[in-house]
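Following: one structure in structure tokens, then a few remarks.
The values are calculated or read from the model by the stated rules, or taken from the named source; none is laboratory data. Worth saying up front: this structure is predicted, and the values here are computed from it rather than measured. All Cβ positions, even for glycine, are placed from backbone atoms using ideal geometry, and neighbour counts span all protein chains on display. Protein only, heavy atoms only, side chains kept; ligands, DNA and RNA dropped before computing areas. Shrake-Rupley method; radii C 1.70, N 1.55, O 1.52, S 1.80 Å.
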Amino acid sequence: MRAVIVGAGIAGLALAQRLGTLGGWEVEVLEKAPGPRPQGYMIDFFAPGHDAAEAMGVLPRLRELGYRVDEAAFVDGHGRRRAAIPYARLERVVGGKLLSIMRPDLERGLREHLPPEVALRYGTSVTAVEDRPGGGVRLTLTDGTTREADLLVGADGIHSAVRSLVFGEESRFVRPLGFHTAAFVFESPEVFEAVGGRFCMTDSAGCEMGFYTLRDGRVAAFAVHRTAETALPEDPRAEVRRAYAGLGWVAPHALEACPPPEEVYYDLVAQTTVPAWSRGRTVLLGDAAYAVSLLAGQGASLGVAGAYVLAEELAGGDVDGALARYERRWRPVTDGKQEVARKGARWFLPATPGRLRARRAALRLARVLPGADRMMAAAVVGKPATLHQNGHARAHESRTGIRTARR
């Protein structure tokens, strides 16, 4: 059996690793970028992706590449700490399965664990997809060559080319949530010292920036602002400098040090909703199928876990049945996370000073209120979903009512 995976991001690499490890599949991964992409921000990687990474044998390497963060602190324009969330509390919320890691490092860890049999091609994507009589697909690539495969996987993100070719234009499936986001890495000894070992966010309404320190002495910046605009700017650096110009503390230093546009990650904050994740022998995975948005903070986790579920189903050889079972078991989980993200939008980035004060008060109250951990889980994480490693892939009804997968 032959599978072509379009997209060498988190979900695509995870599926390639798992399919290649399980055997029975010849796997080729196509990526339109000329090489591994260095852009990206720090993410909190936790269950169920954490469970899947452990089962795949990549978790020890991810821990080596990850970071220890003491707290997420909100600071005002003068650097004064106004509210904070201790990471020890977040770890309790997710059962201790929490890892902070830069997105490019997560991809690196997955890429390092690809079996030798997996072919990885950069600078290549798909321009046409044709169903083959009797099953499978025939693909035309950007270099003019063709491929025949038993399965085509679109793991190429929110702006998926595979989804556009097979399912329809992007506007039918992508739902902007009214935010733009950006991320970049820069050098500044002053900012590095001010941030320390924390994740610091500006305590601001309408737009905010966050900062992590990296082990190489640089600083990773994350930014999000409210906007009704759905088109992306031609010059991301110029737009970042414009949108966040009013922020204080270390933000002016970060904006001054913002790298050239090609080194800035910039995109819509959006969710993806596709009525059916597969059509014929083409299936969607990760953000191409079920982007939850950064408001949920679980895109990487769900990408890895979804790839794990799909690979376990495909291992049986019944491709059509596997695609149906994958969606039936995984969609309830992703639907729940998307709902949590939509409900949490006001909390994530307050639109007014009044809502900002309300968030500040809620975070302070959560530090002393009995049962605050459970409320935080419901508001930020949603119902827990885990991958139980026992037996073959089959549906499991957890105590929360979420259908997850057993290995």
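DSSP loop (so not H, G, I, E, B), at most 14 other Cβ within 10 Å: list which GluC sites (Glu not before Pro) in segment 234-283 pass both filters. Working shown, then result.
Details: sites: E234, E239, E256, E262, E263; in loops: E234.
Here the sparse-neighbourhood loop sites are E234.
Based on the Kirkwood radius over alpha-carbon pairs, what value in µm²/s does the Stokes-Einstein equation return for the translational diffusion coefficient of segment 310-359 at 25 °C and 0.890 mPa s? Don't skip to the answer; put the middle values down first.
Working: Rh = 13.5 Å.
In µm²/s, the coefficient is 182.
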Practice prompt. Using R₀ = 56 Å, calculate the FRET efficiency as 1/(1 + (r/R₀)^6) where r is the Cβ-Cβ separation of T352 and D320; round to 0.05.
Written response: 0.65
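Based only on Cα atoms, what mean projected area does the convex hull of segment 219-344 have, in nm²? Present the calculation step by step, with values, prior to reporting the outcome.
Values: hull surface 39.7 nm².
Result: 9.9 nm².
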Worksheet entry | 5 angstrom amide H check on E26, placed H, neighbours 5+ away | R2, A3
Discussion item. Bins of 5 Å, beginning at zero and ending with the bin holding the largest distance: percent of Cα pairs per bin for segment 108-234, please.
Written reply: 2, 8, 12, 13, 13, 13, 13, 11, 9, 5, 2, 1, 0
Practice prompt. Could you check the simple spin-label distance between T145 and E262, using points 7 Å along Cα→Cβ, in nm with one decimal?
Written response: 2.5 nm
Discussion item. Using only Cα atoms and rounding to the nearest 10 degrees, what angle (0 to 90) does helix 103-112 make with the longest principal axis of the chain?
Written reply: 30 degrees
Worksheet entry | FRET efficiency, 1/(1 + (r/R0)^6) with R0 30 Å, evaluated for E54 and R138 via beta carbons | 0.20
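With the full set of protein chains in place, find how many percent of the accessible area of segment 1-126 is carbon and sulfur; take the probe as 1.4 Å.
Numbers: 2250 of 4730 Å².
After summing per-atom areas, the C and S share lands at 48 percent.
Give me the dipole magnitude in Debye, nearest 20, for the chain about the Cα centre, with unit charges on the beta carbon: positive for Lys and Arg, negative for Asp and Glu.
In debye, rounded to 20, the chain gives about 1740.
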Discussion item. Using only the alpha-carbon atoms, what does segment 41-142 span along each of its principal axes? Please give whole angstrom values in decreasing order.
Written reply: 63, 34, 23
Item to complete: Relative to the longest principal axis of the C-alpha atoms of the chain, give the angle of the C-alpha long axis of helix 319-343, reported between 0 and 90° and rounded to the nearest 10°.
Response: 10 degrees
Worksheet item: So, in nm, how far is label R364 from label E169 when the simple model puts each one 7 Å beyond its Cα toward the Cβ?
Response: 5.0 nm
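Considering only protein heavy atoms, what per residue accessible area in square angstrom results for the chain with a 1.4 angstrom probe?
Computed with neighbouring chains in place, this is 41 Å² per residue.
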Worksheet item: Counting DSSP beta bridges in the chain, what percent are antiparallel, to the nearest 5?
Response: 70 percent
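Which value, in debye to the nearest 20, describes the size of the charge dipole of segment 75-214 about its Cα centre when Lys and Arg Cβ atoms bear +1, Asp and Glu Cβ atoms bear -1, and nothing else is charged?
Its charge dipole is roughly 520 debye.
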Item to complete: Return the single residue from A300, A73, A155 with maximal mean-square fluctuation; model: Gaussian network over the chain, springs between Cα atoms under 10 Å.
Response: A73
Fill in: Nearest-20 debye value, segment 82-144 charge dipole, Cβ charges on Lys, Arg, Asp, Glu
460 debye
